[in-house]
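Let me begin by presenting the structure, written as structure tokens, before commenting on it.
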Amino acid sequence: MKCSSCGAEIQPGNRFCVACGAPVQNGQEASASGLKYQIDGTTLPVVTIDLQPGQVVYSESGGMSWMSDNIRMETTSGGGLGKMFKRAVSGESLFIVDFTAEGGPGQIAFASEFPGKVLPFELGEGQSLIVQKDAFMCAQKSVDVDIHFRKRLGAGLFGGEGFIMQRMTGPGLAFVEIDGEVVNYDLQPGQMLKVGTGHVAALEPSVEFDVEIVKGFKNILLGGEGLFLTTLRGPGKVWLQTMPMMNLARKVARFMPRASGKGSSGGLNIDVGNLLTGR
């Protein structure tokens, strides 16, 4: 294969041309807005985006994994104090970073922080998608990311996703992180799906989100599913994740040793497992 910029021969697997440094255009997807990207990996995937001059993507601060040397970074508040506060509440960093290619095509990569999937969503003008808190990875500059409050008290307290989620609104391409594998359903009007705590990764705004109490005394005491189940009612699409981070943290915490010791000034008891239960 030859480089599209300088014509030099490119060895299989190379991301950049060794002669001119241009990113390799191979095996990629192209969004409706013209942004080219490629998702690689299985357990811990990474999305690599090719930027043409004038194209801008952004992420929360610290989200970038690697980039070509002609990518310019600009850290901003992303809309002032109000936006900064909303990002902090939704689990993101206070600042965002814009990435732009200068002097020619550039390449930038964002790697997942947890075993799972990276999903691309092409959003139309005014089209929104609601995702779990801290799922946002990166997006084109035209995509607005805001917080989304659960309207129902029960859904916020017992649904597993909390009161606050994230709402992404187009136009543009956005990438989100999903915990574990992903299964999606297209619910018809009135069709309902019951979901265990923490397994809701993303849904369209038209889907009604609520909780219900598990029926049956023995089911509550012995079933192991907890007291509540999340209910999703169509119409609309939902994306479910197989390994919620909180569930994995609780499993791992059971096998973590407890360190305890006493000194002359008093006692010390550190539960290492509890350090894993925060997202």
Problem set entry | Matching residues in segment 50-65 - criterion: being at pLDDT 90 or above and within 16 Å of the chain's Cα centre (by Cα) | 57, 58, 59, 64, 65
Problem set entry | Flag for residue 197 being of a type in the set (Ser, Thr, Tyr), at pLDDT below 85 and closer than 16 Å to residue 242 by Cβ | yes
For this session: Among the residues of segment 120-139, write down those that are closer than 17 Å to residue 55 by Cβ and out of contact with any Phe, Trp or Tyr (no Cβ under 6 Å at 6 or more places or on another chain).
Result: 122, 123, 139
Seminar exercise, completed: Out of (1) modelled with pLDDT of 50 or more; (2) among the aliphatic types (A, V, I, L, M); (3) part of a strand (DSSP E or B), the one residue 268 does not meet is (1)
Seminar exercise, completed: Within segment 33-57, restricting to residues that are of a type in the set (A, V, I, L, M) and in a loop (DSSP other than H, G, I, E, B), the one that is nearest to residue 75 (Cα to Cα) is 35
Seminar exercise, completed: When segment 103-144 is checked residue by residue, the ones that are hydroxyl-bearing (Ser, Thr, Tyr) and within 24 Å of residue 244 (Cβ to Cβ) are 112, 128
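The values are calculated or read from the model by the stated rules, or taken from the named source; none is laboratory data. Remember, predicted model here, so these are calculated numbers, not experimental data. Every residue, glycine among them, receives a Cβ derived from its backbone with ideal geometry; neighbour counts consider all protein chains shown.
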